[in-house]
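Some notes on the structure that comes next.
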Amino acid sequence: MTSLENLIRAVPDFPKPGVTFRDITPLLADGAAFARCIDALVEPWQGSAVQAVCGVESRGFIFAAAMAQKLGAGFIPLRKPGKLPPPVMHADYQLEYGTDRLEARVDTLRAGERVVLVDDVLATGGTLGAARNLLGQLGAELVGASVVIELLALQGRKLWPKNVPLHALLHY
Ligand SMILES: O=P(O)(O)OC[C@H]1O[C@H](OP(=O)(O)OP(=O)(O)O)[C@H](O)[C@@H]1O
Ligand SMILES: Nc1ncnc2[nH]cnc12
C-alpha cells in the first residue's frame with residue numbers, strides 16, 4: 001500500500017522559480033489512496049453535526065465534495081471572482097505566487113449553520129484566512145478546517161485562530 005506522502009510529487013521551480021509545487025494528481029489517480037485520504041479527512045468531524053463542507057476553488061473542491069458526501073452534509077463552493085451569479089460576498093487575499101479573491105453566494109448558508117472549511121494546501125494561510133472571513137460574513141458557525149498538505153516553512157497556521165481546530169494530513 002503506497003503511503004499518501006509518496007503520492008505527492010514535488011515539482012521544483014513551479015509555477016515560478018523558488019517555489020516547490022506539491023502536486024496532488026498522483027494521489028487523486030490512485031483510487032484506494034484517494035479513498036483513504038477522504039476517510040482520514042472526515043475522521044475528526046464524525047459526530048460534530050456538520051451541516052455543510054465549504055471547499056476552496058479549485059483543488060479544494062475535489063476533497064470538500066467527497067467529504068460532504070461521507071458526512072451527509074451539503075457542499076458549498078467558495079469561488080474565484082466572476083464565477084458565481086450575484087449577489088455575492090467577497091474576501092481578498094495574497095498567495096505564495098499572486099493575489100486573488102474568493103466569493104460566495106450571499107444566500108448560500110443559513111445563519112449559524114455548522115460548517116467545515118476544506119482546501120488541499122495550507123501555504124501562507126492567505127486563502128484559508130479569506131475563506132474564514134467570508135464564512136464569517138455569511139454568518140456560518142465555523143466548526144474547523146481540514147487541509148491535505150501543510151507547508152510548515154510558510155507558517156500559514158500563524159494566521160489561523162488557536163481556538164478553531166485546523167487539521168492537516170501531511171506536513172512538509
Ligand atoms: O495558503 P496560501 O498561500 O493562500 O496558498 C494555498 C492555496 O494555493 C493554492 O491555490 P491556487 O490559487 O493555486 O488555486 P487552484 O486550487 O485553483 O490550483 C491551493 O490550492 C490553496 O488554495
Ligand atoms: N507550494 C505549493 N504547492 C502546491 N500548491 C500550493 N499552493 C500554494 N503553494 C503551493
Tally, over the range 124-139, of residues that are within 16 Å of ligand 2 (Cβ to nearest atom), open to solvent by 20 Å² or more (accessible area, probe 1.4 Å) and in a loop (DSSP other than H, G, I, E, B) = 1
Restricting attention to the range 62-116, report how many residues are over 13 Å from the mean Cα position of the chain (by Cα) and either within 16 Å of ligand 1 (Cβ to nearest atom) or outside any strand (DSSP E or B) (or both).
-> 35
Hey, does the range 142-161 have a residue that's open to solvent by 60 Å² or more (accessible area, probe 1.4 Å), hydrophobic (A, V, I, L, M, F, W, C) and assigned to a loop (DSSP other than H, G, I, E, B)?
-> no
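Yes/no per residue for (1) in a strand (DSSP E or B); (2) modelled with pLDDT of 95 or more; (3) open to solvent by 30 Å² or more (accessible area, probe 1.4 Å); (4) of a type in the set (Gly, Ala, Ser):
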| site | (1), (2), (3), (4) |
| --- | --- |
| Thr2 | no, no, yes, no |
| Phe14 | no, yes, yes, no |
| Ala33 | no, yes, no, yes |
| Asp39 | no, yes, yes, no |
| Gly47 | no, yes, yes, yes |
| Val50 | no, yes, no, no |
| Val53 | yes, yes, no, no |
Could you say whether any residue in the range 100-110 is in contact (Cβ under 8 Å) with a residue 24 or more places away in the chain and at positive phi?
-> no
Does at least one position in the range 81-92 carry a residue that is of a type in the set (Lys, Arg) and either in contact with a helix residue (DSSP H, G or I) (Cβ under 9 Å, 6 or more places away or on another chain) or open to solvent by 70 Å² or more (accessible area, probe 1.4 Å) (or both)?
-> yes
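The values are calculated or read from the model by the stated rules, or taken from the named source; none is laboratory data. Because the structure is a prediction, the values reported are computed rather than measured. Note that we place each Cβ from the backbone using ideal geometry, even for glycine, and neighbour counts take in every protein chain shown. Ligands, DNA and RNA are excluded from the accessible area calculation, which covers all protein heavy atoms including side chains. Shrake-Rupley method; radii C 1.70, N 1.55, O 1.52, S 1.80 Å.
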